[in-house]
1. Return the residues of the stretch 140-158 that are surrounded by 13 or more Cβ atoms within 10 Å (Cβ to Cβ), closer than 25 Å to Gln171 by Cα and out of contact with any Cys (no Cβ under 6 Å at 6 or more places or on another chain); say none if nothing qualifies.
2. Within the set of pairs 6+ apart or on separate chains, which have a first residue in the stretch 75-102 that is farther than 21 Å from Phe29 by Cβ, a second that is part of a loop (DSSP other than H, G, I, E, B) and modelled with pLDDT under 95, and C-beta atoms under 6 Å apart?
3. Just give me the residues in the stretch 115-124 being in contact with a Phe, Trp or Tyr (Cβ under 7 Å, 6 or more places away or on another chain) and either buried (at least 18 other Cβ atoms within 10 Å of the Cβ) or small (Gly, Ala, Ser) (or both), in sequence order.
4. Looking at the stretch 120-151 only, could you name the residues that are over 22 Å from the mean Cα position of the chain (by Cα) and touching a residue at least 24 places away in the same chain (Cβ under 8 Å)?
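The values are calculated or read from the model by the stated rules, or taken from the named source; none is laboratory data. Computed from a prediction, not measured in an experiment: that's the story for all the values here. Quick reminder, even Gly has a Cβ in these numbers, built from the backbone with ideal geometry, and neighbours come from all protein chains shown.
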Amino acid sequence: MTQGSETGRACFLDVSTRAKLRITGTDRFRFLNGQITNDLRKASETVAVEACVLNAKGKLNAHIFIAALGESLLIDAEPELRETLRARLERYVIADDVQMEDVTDKFSIFHVLTEEPPAADSGRIVSARRFAATGWDIWNDPTRHDVVRNELASAYLFIDFAAADLLRIEQGLPRWGRELTDEIIPIEANLEQRTIDYEKGCYIGQEVISRIKCPDKPTNDCAD
(Lines give C-alpha, C1' and ligand atoms only; values in the text may rest on other atoms or scores of the structure.)
Protein backbone atom coordinates (compact mmCIF):
# COMPACT_ATOMS: atom_id res chain seq x y z
CA MET A 1 0.00 0.00 0.00
CA THR A 2 1.22 3.46 -0.81
CA GLN A 3 0.73 6.00 1.92
CA GLY A 4 -1.18 8.45 -0.21
CA SER A 5 -3.27 8.95 -3.26
CA GLU A 6 -2.49 8.56 -6.92
CA THR A 7 -1.24 12.14 -6.83
CA GLY A 8 1.44 11.13 -4.35
CA ARG A 9 -0.03 13.11 -1.45
CA ALA A 10 -0.09 11.53 2.01
CA CYS A 11 -3.63 10.94 3.21
CA PHE A 12 -5.71 11.03 6.37
CA LEU A 13 -9.04 9.69 7.55
CA ASP A 14 -11.51 10.31 10.35
CA VAL A 15 -11.82 7.43 12.82
CA SER A 16 -13.64 9.39 15.51
CA THR A 17 -16.60 7.01 15.55
CA ARG A 18 -14.46 4.24 17.08
CA ALA A 19 -15.51 3.13 20.55
CA LYS A 20 -13.16 4.39 23.27
CA LEU A 21 -12.62 3.24 26.84
CA ARG A 22 -10.44 4.80 29.53
CA ILE A 23 -9.07 2.44 32.18
CA THR A 24 -7.75 3.83 35.45
CA GLY A 25 -6.79 2.49 38.87
CA THR A 26 -3.58 1.19 40.40
CA ASP A 27 -4.10 -2.31 38.95
CA ARG A 28 -4.93 -1.11 35.42
CA PHE A 29 -1.72 -2.34 33.80
CA ARG A 30 -1.66 -5.80 35.38
CA PHE A 31 -5.37 -6.27 34.76
CA LEU A 32 -5.40 -5.24 31.10
CA ASN A 33 -2.20 -7.12 30.31
CA GLY A 34 -3.98 -10.24 31.54
CA GLN A 35 -6.81 -9.66 29.07
CA ILE A 36 -4.95 -9.03 25.80
CA THR A 37 -2.81 -11.08 23.42
CA ASN A 38 0.00 -8.54 23.06
CA ASP A 39 2.47 -7.20 25.64
CA LEU A 40 1.11 -3.98 27.11
CA ARG A 41 4.66 -2.82 27.86
CA LYS A 42 4.90 -1.93 24.16
CA ALA A 43 2.26 0.79 24.59
CA SER A 44 3.10 4.32 25.70
CA GLU A 45 1.80 7.87 25.39
CA THR A 46 3.35 8.07 21.91
CA VAL A 47 2.91 4.48 20.67
CA ALA A 48 -0.28 2.43 20.42
CA VAL A 49 -0.15 -1.36 20.59
CA GLU A 50 -2.50 -3.56 18.55
CA ALA A 51 -4.03 -6.52 20.38
CA CYS A 52 -6.94 -8.93 20.60
CA VAL A 53 -9.26 -9.73 23.49
CA LEU A 54 -10.25 -13.41 23.55
CA ASN A 55 -12.59 -15.75 25.33
CA ALA A 56 -11.39 -18.85 27.15
CA LYS A 57 -11.58 -20.84 23.91
CA GLY A 58 -9.16 -18.49 22.17
CA LYS A 59 -11.85 -16.91 19.98
CA LEU A 60 -12.13 -13.18 19.43
CA ASN A 61 -14.11 -10.86 21.66
CA ALA A 62 -12.49 -7.75 20.19
CA HIS A 63 -9.67 -6.33 18.08
CA ILE A 64 -8.29 -3.16 19.69
CA PHE A 65 -5.56 -0.52 19.91
CA ILE A 66 -4.21 0.68 23.28
CA ALA A 67 -2.15 3.73 24.25
CA ALA A 68 -1.30 5.36 27.57
CA LEU A 69 -2.50 8.76 28.72
CA GLY A 70 -1.11 9.94 32.03
CA GLU A 71 -2.40 7.65 34.77
CA SER A 72 -4.77 5.86 32.41
CA LEU A 73 -4.93 3.55 29.41
CA LEU A 74 -7.03 4.36 26.35
CA ILE A 75 -8.58 1.60 24.26
CA ASP A 76 -10.22 2.12 20.89
CA ALA A 77 -12.20 -0.43 18.88
CA GLU A 78 -14.80 -0.64 16.12
CA PRO A 79 -18.03 1.24 16.98
CA GLU A 80 -20.14 -1.91 17.25
CA LEU A 81 -17.98 -3.10 20.16
CA ARG A 82 -18.81 -0.07 22.33
CA GLU A 83 -21.07 -1.96 24.75
CA THR A 84 -19.80 -5.52 24.48
CA LEU A 85 -16.10 -4.74 24.97
CA ARG A 86 -16.67 -2.89 28.21
CA ALA A 87 -18.95 -5.66 29.51
CA ARG A 88 -16.37 -8.29 28.53
CA LEU A 89 -13.55 -6.54 30.39
CA GLU A 90 -15.62 -5.67 33.46
CA ARG A 91 -16.54 -9.34 33.83
CA TYR A 92 -12.98 -10.04 34.97
CA VAL A 93 -12.60 -7.11 37.38
CA ILE A 94 -12.99 -8.84 40.72
CA ALA A 95 -10.80 -7.46 43.51
CA ASP A 96 -8.73 -5.24 41.20
CA ASP A 97 -8.43 -1.48 41.62
CA VAL A 98 -9.65 -0.85 38.08
CA GLN A 99 -12.24 1.59 36.79
CA MET A 100 -13.59 1.81 33.22
CA GLU A 101 -15.18 4.81 31.58
CA ASP A 102 -16.77 5.06 28.17
CA VAL A 103 -15.07 8.10 26.61
CA THR A 104 -16.25 7.56 23.04
CA ASP A 105 -17.79 11.01 22.88
CA LYS A 106 -14.91 12.75 24.67
CA PHE A 107 -12.29 12.32 21.94
CA SER A 108 -12.08 12.68 18.19
CA ILE A 109 -9.38 10.75 16.32
CA PHE A 110 -7.85 11.33 12.91
CA HIS A 111 -5.36 8.89 11.40
CA VAL A 112 -2.62 10.18 9.08
CA LEU A 113 -0.77 7.80 6.76
CA THR A 114 2.67 9.31 6.35
CA GLU A 115 6.24 8.52 7.36
CA GLU A 116 6.73 11.76 9.28
CA PRO A 117 4.47 12.65 12.21
CA PRO A 118 2.02 15.55 11.81
CA ALA A 119 2.67 18.87 13.49
CA ALA A 120 2.53 18.57 17.26
CA ASP A 121 0.00 21.40 17.55
CA SER A 122 -2.57 19.26 15.71
CA GLY A 123 -3.26 17.36 18.94
CA ARG A 124 -1.87 14.41 20.88
CA ILE A 125 0.16 12.40 18.36
CA VAL A 126 0.34 8.60 18.78
CA SER A 127 2.11 6.19 16.43
CA ALA A 128 -0.32 3.47 15.28
CA ARG A 129 0.02 0.99 12.42
CA ARG A 130 -3.65 0.70 11.52
CA PHE A 131 -2.96 -0.12 7.87
CA ALA A 132 0.23 -2.18 8.28
CA ALA A 133 2.24 0.96 7.50
CA THR A 134 3.60 3.92 9.42
CA GLY A 135 0.70 6.04 10.59
CA TRP A 136 -0.24 8.51 13.30
CA ASP A 137 -3.34 8.97 15.41
CA ILE A 138 -4.28 12.51 16.36
CA TRP A 139 -6.42 12.64 19.50
CA ASN A 140 -8.42 15.79 20.20
CA ASP A 141 -11.33 17.23 22.08
CA PRO A 142 -14.36 16.79 19.79
CA THR A 143 -15.01 20.53 19.95
CA ARG A 144 -11.88 20.93 17.78
CA HIS A 145 -12.89 18.24 15.31
CA ASP A 146 -13.70 20.51 12.37
CA VAL A 147 -10.74 22.81 13.03
CA VAL A 148 -8.27 19.92 13.06
CA ARG A 149 -9.86 18.35 9.99
CA ASN A 150 -9.44 21.58 8.04
CA GLU A 151 -5.84 21.93 9.20
CA LEU A 152 -5.04 18.40 8.08
CA ALA A 153 -6.81 18.91 4.74
CA SER A 154 -4.37 21.69 3.92
CA ALA A 155 -1.45 19.24 4.06
CA TYR A 156 -2.94 15.80 3.37
CA LEU A 157 -5.59 14.25 1.15
CA PHE A 158 -8.76 13.24 3.00
CA ILE A 159 -10.03 9.73 2.23
CA ASP A 160 -13.53 8.60 3.13
CA PHE A 161 -14.66 5.32 4.67
CA ALA A 162 -15.02 3.52 1.34
CA ALA A 163 -11.49 4.43 0.23
CA ALA A 164 -10.06 3.49 3.63
CA ASP A 165 -11.83 0.14 3.49
CA LEU A 166 -10.31 -0.50 0.07
CA LEU A 167 -6.82 0.18 1.47
CA ARG A 168 -7.54 -2.27 4.25
CA ILE A 169 -8.70 -4.99 1.86
CA GLU A 170 -5.70 -4.48 -0.42
CA GLN A 171 -3.43 -5.20 2.53
CA GLY A 172 -5.41 -8.24 3.64
CA LEU A 173 -6.28 -6.61 6.96
CA PRO A 174 -9.38 -8.02 8.66
CA ARG A 175 -12.02 -5.82 10.24
CA TRP A 176 -14.50 -6.52 13.00
CA GLY A 177 -17.94 -7.22 11.61
CA ARG A 178 -16.50 -8.32 8.27
CA GLU A 179 -13.71 -10.90 8.38
CA LEU A 180 -13.50 -10.81 12.20
CA THR A 181 -16.26 -12.38 14.29
CA ASP A 182 -16.57 -14.07 17.64
CA GLU A 183 -16.03 -17.43 15.93
CA ILE A 184 -12.53 -16.54 14.71
CA ILE A 185 -9.16 -17.32 16.34
CA PRO A 186 -6.60 -14.51 15.69
CA ILE A 187 -4.17 -16.83 13.90
CA GLU A 188 -6.90 -17.71 11.39
CA ALA A 189 -7.31 -14.02 10.52
CA ASN A 190 -3.66 -13.18 9.83
CA LEU A 191 -3.39 -11.29 13.12
CA GLU A 192 -0.63 -13.35 14.69
CA GLN A 193 2.38 -11.21 13.78
CA ARG A 194 0.82 -7.90 14.79
CA THR A 195 -1.22 -8.80 17.84
CA ILE A 196 0.25 -11.85 19.61
CA ASP A 197 3.28 -11.90 21.89
CA TYR A 198 4.21 -15.48 22.78
CA GLU A 199 6.68 -14.41 25.47
CA LYS A 200 4.35 -12.44 27.73
CA GLY A 201 2.52 -13.73 30.79
CA CYS A 202 -0.92 -15.31 30.89
CA TYR A 203 -4.09 -13.87 29.41
CA ILE A 204 -7.56 -15.20 28.80
CA GLY A 205 -7.39 -17.68 25.90
CA GLN A 206 -3.60 -18.00 25.94
CA GLU A 207 -3.59 -21.77 26.39
CA VAL A 208 -5.43 -22.31 23.12
CA ILE A 209 -3.19 -19.89 21.20
CA SER A 210 -0.01 -21.41 22.63
CA ARG A 211 -1.07 -24.95 21.76
CA ILE A 212 -1.76 -23.93 18.17
CA LYS A 213 1.74 -22.42 17.95
CA CYS A 214 3.56 -25.25 19.75
CA PRO A 215 1.22 -28.25 20.09
CA ASP A 216 3.85 -30.45 21.77
CA LYS A 217 5.15 -27.87 24.21
CA PRO A 218 3.57 -27.34 27.65
CA THR A 219 2.05 -23.86 28.11
CA ASN A 220 3.99 -21.41 30.27
CA ASP A 221 3.04 -20.82 33.85
CA CYS A 222 1.03 -17.65 34.39
CA ALA A 223 3.00 -14.53 35.26
CA ASP A 224 2.01 -10.96 35.97
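1. Matches in the stretch 140-158: Leu152, Ala155, Phe158.
2. Matching pairs, first to second residue: Glu80/Gly177.
3. Filtering the stretch 115-124 for residues in contact with a Phe, Trp or Tyr (Cβ under 7 Å, 6 or more places away or on another chain) gives 117-118, 123-124.
Once the filter is applied, which keeps residues that are in contact with a Phe, Trp or Tyr (Cβ under 7 Å, 6 or more places away or on another chain) and either buried (at least 18 other Cβ atoms within 10 Å of the Cβ) or small (Gly, Ala, Ser) (or both), the stretch 115-124 yields Pro118, Gly123.
4. Here is the first cut: in the stretch 120-151, the ones over 22 Å from the mean Cα position of the chain (by Cα) are 121, 143-144, 146-147, 150-151.
Arg144, Glu151, listed by residue number.
Here's the yes/no breakdown for (1) modelled with pLDDT under 95; (2) under 16 Å from Val15 (Cα atoms); (3) assigned to a loop (DSSP other than H, G, I, E, B); (4) not acidic (Asp, Glu):
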site: Leu152; (1), (2), (3), (4): no, yes, no, yes
site: Glu183; (1), (2), (3), (4): no, no, yes, no
site: Asp197; (1), (2), (3), (4): no, no, yes, no
site: Ile204; (1), (2), (3), (4): no, no, yes, yes
